[in-house]
Structures are given as structure tokens and as C-alpha cells.
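Below is one structure, written out as C-alpha cells; comments come after it.
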Amino acid sequence: QVQLVESGGGLVQAGDSLRLSCAASGRTFSNKAVGWFRQAPGKEREFVASIRWSGGSTYYADSVKGRFTISRDNAKNTVYLQMNSLKPEDTAVYYCALNDVWPTGDYRLFRSWGQGTQVTVSS
């Protein structure tokens with residue numbers, strides 16, 4: 001099974017940008033959809049964005065449309081989440097995961113979760 005590792009989080013100010021990476025080991029992302037989710041303390045896990053590896057179709061939560069961009073690098077077996085115009089409400093642990101259906105933002109349909117990377121946006 002694919003193992004995923006998230007990286008790129010940090011502490012930034014409102015309006016700043018970050019790029020998160022989700023790197024795969026063990027297998028490629030071929031024929032998989034890769035999603036980004038986030039979870040803040042005391043809140044449910046929230047869908048952010050996903051991308052279909054074959055074809056590169058994208059799917060975004062309304063809360064991040066126009067600010068976040070998901071992309072993939074086939075050669076690196078890596079999915080990225082470019083986050084611009086960050087807001088304090090974006091503060092959360094960000095996770096990536098895989099699923100086999102498209103499109104969906106239901107975390108219950110995703111597997112192979114990474115360990116998460118912390119994003120903190122100060123005001």
C-alpha cells in the first residue's frame with residue numbers, strides 16, 4: 001500500500017502563502033485520487049481539495065476556491081497544495097490521503113492517511 005508523507009507547514013501571518021507537499025512511497029499515485037483535508041482542534045475533519053492522478057481533474061471546497069491550488073508532479077510522485085491569501089481560519093493540521101472514487105470530499109472514503117503537517121496562520 002502507498003505511504004504518504006506531508007510536509008511544508010509552518011507559522012505564517014494572514015495573507016502569506018505556503019506550499020504543502022504530499023509525497024508517496026511504495027507505489028505511485030497512478031489511478032488514484034489524492035485529497036487534502038484539514039482538522040482544527042475540536043472540529044471535524046474538513047475536505048480541502050483533491051486531484052485525480054490520471055487526467056488531473058481538480059475538486060475544491062468552497063472555502064478555499066480561488067486561494068488554494070492542488071497540483072501533481074508525476075515524476076516526483078508528489079501532490080502539492082499551494083495556499084495563498086491564508087487566513088486564521090485556515091489554521092489546522094493538514095493531511096493527504098488516497099481514494100478510488102471521483103469526485104468526493106467524504107473523508108470516510110479516503111485511505112492511507114499521512115501523519116499531517118501543521119499550518120498556523122496568525123492575524
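Side notes on the structure shown:
- Amide proton proximity set for residue 19, modelled H, under 5 Å, gap of 5+: 83
- Share of carbon and sulfur in the accessible area of the range 1-87 stands at 41%, probe radius 1.4 Å.
- The DSSP beta bridges internal to the chain are antiparallel in roughly 90% of cases.
- Cα-derived Rg to Rh of the range 13-123, Kirkwood definition: 0.94
- Prolate is the label for the range 25-89, because the ratio a/c of its alpha-carbon gyration tensor axes (a ≥ b ≥ c) is 1.5 or higher and a/b is greater than b/c.
- Extending 7 Å from the Cα toward the beta-carbon at both residue 3 and residue 71 defines two label points whose distance is 2.8 nm.
- Pairwise centroid distance, computed over Cα atoms, of the range 10-62 with the range 66-116, Å: 1
The values are calculated or read from the model by the stated rules, or taken from the named source; none is laboratory data. Bear in mind that the values here come from a model prediction, so they are computed numbers and not experimental data. Neighbour counts run over all protein chains shown; Cβ positions are idealised from the backbone, glycine included. To get the accessible areas, we keep the full protein, side chains included, count just its heavy atoms, and leave off ligands, DNA and RNA. Shrake-Rupley method; radii C 1.70, N 1.55, O 1.52, S 1.80 Å.
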